[in-house]
Amino acid sequence: MRIAVVLLALFTVTFAFAQDTELLITGNYQNTPFKVFQADVTQQTGLRFYYDSKALDSLTVNLSADQLEIHQALNQVFVGTDLHFAIDNQKHVFIVKGRDIQERLPANFPGETETLPSASSRVLKYYTDEQRTAEVLLAEAAEYDIGKKTNPIGQGLATVAGHVKYASSGEPIAGASVYIENPFTGVATDQFGYFALTIPKGKHELIIKSLGFKNTKRKITLYGDGKLDIEMLEDVTSLKELVVEAEKDKNVSSLQMGVDKLDIKTMKKVPTALGELDIFKVMLTLPGVQTVGEASTGLNVRGGATDQNLILLNDAVVFNPAHLFGFFSAFNPDLVKNAELYKSTIPVQYGGRLSSVLDVNTREGNKKKITGSGGIGPVTGRLILEGPIIKDKTSFLIGGRSTYSNWLLREIPNDLVKNSKASFYDLNAIITHEIDENNSLYLTGYFSKDKFTLNSDTAYQYSNKAATVKWKHIFTNKLYNVLTGSFSGYDYKVESDANPVNAFTLGYGLQQYNIKTDFSYFPHPKHSLDFGASAIRYAIKPGSYVPNGSASEVERDVLPQEKGIESAFYIGDQFDVSHRLSVYVGLRYSLYTYLGPHDKYLYAAGQSKNPEGIIDTVSYGKGPIVTYHGPEYRISVKYMLSGSASLKLSLNRSRQYIQMLSNTTAISPTDVWKLSDSYIAPQVGDQISLGLYKNLRSNTIETSVEGYYKRMENILDYKGGAKIILNHAIESDVIRTEGKAYGVELMVKKLSGKINGWVSYTYSRSLLRTRSGFESETVNKGKFYPSNYDKPHAVNLVSNYKFSHRVSASLNATYSTGRPITLPIGKYYSDGSYRVLYGPRNGSRIPDYFRIDLAFNLEGNHKIKKLTHSSWTVGVYNLTGRKNAYSIFFDSKNGVTRGYKLSIFGAPIPTVTWNFRF
Amino acid sequence: MRRVTVFRVCITVMVFLASCIDPYRPGEVVGNVNYLVVDGFLNATENTCLVKLSRTIPLTGTEQVFEKNATVSLEDDHAQRYNLTELANGEYKASGIPIDNTRTYQLKIVTLDGEEYQSEFVPILYAPPIDSISWNETKDGVGVYATTHNPANNTRYYYWKFTETWQYRAQYRSILKIAGDTVDLRDYEELKIYECWNTAGSNEILVGSSDKLNEDIISQFNLTTIPFTSAKLHLKYSVLVEQRAIDSRAYDYWQLLKKNTEEMGTIFDPLPSAAVGNMRCVTSPGKIVLGYFNASTASQQRIFIEGGDVEFPLRNVFVTGYEECSERILLFGDGFGNLVPIVFEMQGMQPIGYRATTPYCIDCRLQGGTTVKPDFWEDLN
């Protein structure tokens, strides 16, 4: 593709022009603020000034000028300062601090070249923020010719495509909006910062906006398809702002509904219990997201189970995103760029889970210089390092995080815990490489390990692994492809050697290999197409119990490996029918095969499956045993009611072929993932949602109402006393259950200003019902009963108040109905003690939950040239010290039966965290 | 197999993180449950069958409700029937039952309200002899362990219960007593209130299994751990352990009951569920009946632990229950009030009054024990 960019703004041309037609000023300025002087000059000469007003705040002008040439005049004004200026042929004056602009100019700049992806990065190499500002201002002032130049400009449409990047580091900016106002046409950049905008040929002003960045624009003349890379400046002052979505009117204008995108700056504002940002805890402040308790990283999205969330770290699945009993999440906050939670329409390229997709993306390394950052909190420390391997082409980013919590356990004045240990660490590595302008390569790796020993005789450890290789290839401006290969692994091990005879090692392992190809195609300005295919190969070692040590009498018990293949292909089209109506129609077809070798038990008919009822065993060799398949539709309709209000409707179906077996309330480290097989059918979920969105006060206040109804089939419940671990006949312990969930979510967000944040109210229900003719497979007599995470009322407030550029305060408040629990209805005497008799499943509730958190963020000063930058976060979690119940339980100890309330954070928890970057 | 899902210690870990456990009473008492609870055991070694019948009571209840006047019988699969006779406190017993290992047995109960309950037919299981009951010092106290094996490898699931007996003494040895208006010397029998034996039964569910092992071995199953500060270890302690055999279903039943009633309160609590035993109601199918009927041989073993043989931690202080006891000196003529004399208070060779204390501090029986030395007791060395 030929791309010609003419950069008229370049100084070689500029000065010739400027010197040819002299601009003269006249005036007598005594201690005149620069601003006033500048205004006067603009009036006299028509010159327009570009500068960072902070840098010139204190500058006063003392000048007597009578027909003084502008260069001489400005030289006099700036004498004794480190300010430099340049004037282009468009009568723009650029003033920068620091190095002289002119010194850095290339001697010759070709007026027309074949390729010039980025006006600024190729031509000017400046490294201070002031100079970057100048670059961007230059780029804004410039005019770009896109496509092969023709005269006259042709008719019809053409596509301009390119990447939007950080001016400072070259990292891509995802979710930035690129649009023209007339006719109003726009797109958002993808996770690679890539956009492709198809608009009528001719002159346009591209407007580019993204959260946390200064808005920028590019003047283009579109002759044909071509490229344009855009760099954006970070908006330093907006660092404090609480911005929720990339584009201010996105909630109204985008077709997606039920999606929450949080960028890391937003998340950093939310106070946390242990001083470290936790994506999962932030997600819990969003409407429709619940959890069973404070010590759990499990998210229950719109009444779904915790295993129904597809948790992706750079497209690789993370199976156990919890550290340290669930007090920390698996993701190192310093590496996270953003996290998106899809809770109603799941984009067609994702599949395999019913409730939601949590897509966590890490940053790319700085492509321009080596930097680092880190933080120290009460329990963890973290450090990252990033920088270019080949400048502007290849970058690396490595990060590590670890606890030093063992000391914490040792401090506990209790003999029982003194021999206990708990620790974790995780490591990330990210390499991005720009092969050429059409090909980029992304390599990411993740490894985490948790270890804990309780009372010194049983050692637990588990580990997550994830690796991704992504190759992005741009075929044409209108078509690109991302080919992704990923690996995810999860395993755990429990070892005990307290009694040599019984010493054992219990193990579990899961591996998933995933390959997928995703195409994005923009055939027409009204259509954008996604299509692709994926295949996942699962291999699970469902459990092994082997002797530990030579004295051990433990009999080896190894469950046979499970294998399965899940593949899918999909196509989705977003069709902008009119400026009011947009439709997204996506179809995904997924196909799953459970593979042998496998021994399948046959059970006696007419009775509940149980190990005694096994009448025969059928052995399957390698190859398919059972196949499930079905369509998954993803449909959204958006209708703009006005410029600031819209109505959206979406229908979503998903299928899930792997599920977690867990009969604990919170996810436990020994829960296992199980593939669908001959007896355990895949889960199928349908959701219909309807939403009304209205923005007020020029998009600074967003309001929304979303309602949904959900139906889920084949989810799993368990018979009383079910064995999850090392069960050779797990199908005899599970109960097939159906679920329904519905709710309404109301939200008001204020995105900017001194005070910002959001408040939401959710009414939701999540109910389950067993359908079986057998007593032992029936819970609550086959009637609907509330799920463990059914919390009808929930109110969340997240707010941030900016005292100054450096000091801000955040206040969170959370209220929700207590979760359901099963309470005893009586007691009886057995084996030397009273024992409680439990009533109907989830027939009662724990007390309501209420919590307020407060945090102050103190930034160091904003001097850019400081060697290190640091910030402090001082906060109090659970300010009121309310003893929120985690659980209510009954215990028979020493012959006495009593009810107890367990609170996890039953007091105000103060934290101090120090973050730094260099 | 050790349970791997319960992380009881987490709570303690979290204590540091300001977690806490407070007593809790649910707001409303739900329902008025009144279900029959059966605890039945056919002892094939002693040829007895003992059945305890009681009723469920509300959570707030304090008194056990025994099921009285029921008709209880044991029947084998050849319709041979043995009636049990009612003792006190809801206990029903039959002795001298000729046990036939080839037969299976069923418990039948007809309660006064006319409902008829019966158990499944259960076989007579074989419990091997206990190899040893051992003890050692752990960091939490003195652990008591059972070790056994069955060379035939067919017991696999075990149930234990134990009865502990310990010797203890009152704070003061009183040689004087108040007899009417006068103080008199205690006679020999009356002096015995200084030394008692107390007895308690196991109050935790003790089941173990060797189903994960190559051989049917139970190695050092922890029956109980006595804290070092316990008065049980002060002088001499004895425990009689009874070992029974159960089947895998009974094992699962007790495991579940144990999990639901003894091991809750962790972060990863299982969802509680009713433990369903092997009893059912014949007249009203679906009516809940709790408990288990089990039949097996039973083996027993007793050990003694003498305080002098235990290596206590430094500065170990026994909690005797007599911490509040003190002496007061009462001169002749002072009233005793609610005090009782211990010995004479002397000045030189001359008694001038009494040392006195509360009756609790001289009479060990007031702590629940008996002064009658058990038959099996071996005196302190």
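Computed values, structure above
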{"item": "Condition check for residue A:835: at pLDDT 85 or above, closer than 30 Å to residue B:164 by Cβ and buried (at least 19 other Cβ atoms within 10 Å of the Cβ)", "result": "yes"}
{"item": "Spans of strands (runs of 3 or more DSSP E) in the stretch B:136-248 with at least 1 residues within 14 Å of chain A (Cβ to nearest Cβ) and either at positive phi or among the small types (Gly, Ala, Ser) (or both)", "result": "B:141-149, B:195-201, B:206-209, B:217-226"}
{"item": "Residues (touching a Gly at 6+ places or on another chain (Cβ under 8 Å) and buried (at least 18 other Cβ atoms within 10 Å of the Cβ)) located in the stretch A:634-651", "result": "A:634, A:635, A:648, A:650"}
{"item": "Scan of the stretch A:146-167 for residues that are surrounded by 20 or more Cβ atoms within 10 Å (Cβ to Cβ) and either at pLDDT 80 or above or of a type outside the set (A, V, I, L, M) (or both), ordered by number", "result": "A:146, A:147, A:158, A:159, A:160, A:161, A:162, A:163, A:164, A:165, A:166"}
{"item": "Residue match in the stretch B:298-309 (condition: among the polar types (S, T, N, Q) and within 14 Å of another protein chain (Cβ to nearest Cβ))", "result": "no"}
{"item": "Out of A:18, A:39, A:65, A:73, sole residue that is at pLDDT below 80 and either not in a loop (DSSP other than H, G, I, E, B) or not β-branched (Val, Ile, Thr) (or both)", "result": "A:18"}
{"item": "Any hit, the stretch B:30-38, residues being modelled with pLDDT under 80, on the phi < 0 side of the Ramachandran plot and within 14 Å of chain A (Cβ to nearest Cβ)", "result": "yes"}
{"item": "Leading residue by the ranking (farthest from the other protein chains (Cβ to nearest Cβ)) among those in the stretch A:473-486 that are crowded, with 18+ Cβ neighbours inside 10 Å and modelled with pLDDT of 90 or more", "result": "A:482"}
{"item": "Residues of the stretch B:262-290 classified as among the polar types (S, T, N, Q), facing chain A (nearest Cβ under 7 Å) and in contact (Cβ under 8 Å) with a residue 24 or more places away in the chain, total", "result": "0"}
{"item": "Test: residue A:594 is in contact with a Gly (Cβ under 8 Å, 6 or more places away or on another chain) and either crowded, with 18+ Cβ neighbours inside 10 Å or at pLDDT 90 or above (or both)", "result": "yes"}
{"item": "Of the criteria (1) of a type outside the set (S, T, N, Q); (2) without any contact (Cβ under 8 Å) to a residue 24 or more places away in the chain; (3) within 14 Å of chain B (Cβ to nearest Cβ), which one residue A:840 fails", "result": "(2)"}
{"item": "Helices (runs of 4 or more DSSP H) wholly inside the stretch A:197-305 containing at least 1 residues that are at pLDDT 80 or above", "result": "A:279-283"}
{"item": "Yes/no for residue A:324 being under 22 Å from residue A:909 (Cβ atoms) and surrounded by fewer than 23 Cβ atoms within 10 Å (Cβ to Cβ)", "result": "yes"}
{"item": "Checklist (1) crowded, with 19+ Cβ neighbours inside 10 Å; (2) of a type outside the set (Ser, Thr, Tyr); (3) away from every other protein chain (no Cβ under 13 Å) applied to residue A:735, failing item", "result": "(3)"}
{"item": "Residue satisfying all of: in the stretch B:256-294; of a type in the set (Asp, Glu) and part of a loop (DSSP other than H, G, I, E, B); surrounded by the fewest Cβ atoms within 10 Å (Cβ to Cβ) among these", "result": "B:263"}
{"item": "Residues satisfying the stated conditions in the stretch B:349-381, i.e. outside any loop (DSSP other than H, G, I, E, B) and among the basic types (Lys, Arg)", "result": "B:355, B:365"}
{"item": "Residue within the stretch A:799-817 that is within 30 Å of residue B:242 (Cβ to Cβ) and either more than 8 Å from every other protein chain (Cβ to nearest Cβ) or not in a loop (DSSP other than H, G, I, E, B) (or both) present", "result": "no"}
{"item": "Matching residues, the stretch A:674-689, being in contact with an Asp or Glu (Cβ under 7 Å, 6 or more places away or on another chain) and part of a strand (DSSP E or B)", "result": "A:675, A:683, A:684, A:689"}
{"item": "Residues satisfying the stated conditions in the stretch B:36-61, i.e. without any contact (Cβ under 8 Å) to a residue 24 or more places away in the chain and under 18 Å from the mean Cα position of the chain (by Cα)", "result": "none"}
{"item": "Selection count, the stretch B:334-348, where residues are in contact (Cβ under 8 Å) with a residue 12 or more places away in the chain, in a loop (DSSP other than H, G, I, E, B) and not aliphatic (A, V, I, L, M)", "result": "3"}
{"item": "Residue match in the stretch A:714-727 (condition: modelled with pLDDT of 85 or more, outside any loop (DSSP other than H, G, I, E, B) and within 26 Å of the chain's Cα centre (by Cα))", "result": "no"}
{"item": "Positions within the stretch A:869-918 being of a type in the set (D, E, K, R) and at the interface with chain B (Cβ under 8 Å from one of its Cβ atoms), in sequence order", "result": "A:883, A:891, A:893, A:898, A:901"}
{"item": "Every residue from the stretch A:742-780 that is over 30 Å from residue A:811 (Cβ atoms), buried (at least 20 other Cβ atoms within 10 Å of the Cβ) and at pLDDT 90 or above", "result": "A:768"}
{"item": "Residue count for the stretch A:520-567, restricted to those that are away from chain B (no Cβ under 14 Å) and farther than 30 Å from residue A:159 by Cα", "result": "16"}
{"item": "Count - residues of the stretch A:597-608 that are at pLDDT 85 or above and more than 21 Å from residue A:658 (Cβ to Cβ)", "result": "2"}
{"item": "The stretch A:609-637, residues that are among the aliphatic types (A, V, I, L, M) and closer than 30 Å to residue A:720 by Cβ", "result": "A:614, A:615, A:618, A:625, A:626"}
{"item": "Complete set of residues in the stretch B:186-198 that are among the hydroxyl-bearing types (Ser, Thr, Tyr) and in contact (Cβ under 8 Å) with a residue 40 or more places away in the chain", "result": "B:194"}
{"item": "Output for the stretch A:888-912, where each listed residue is within 18 Å of residue A:814 (Cβ to Cβ) and either modelled with pLDDT of 80 or more or outside any strand (DSSP E or B) (or both)", "result": "A:904, A:905, A:906, A:907, A:908"}
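The values are calculated or read from the model by the stated rules, or taken from the named source; none is laboratory data. Worth saying up front: this structure is predicted, and the values here are computed from it rather than measured. Every residue, glycine as well, gets a Cβ built from its backbone with ideal geometry; the counts of neighbours run over all protein chains shown.
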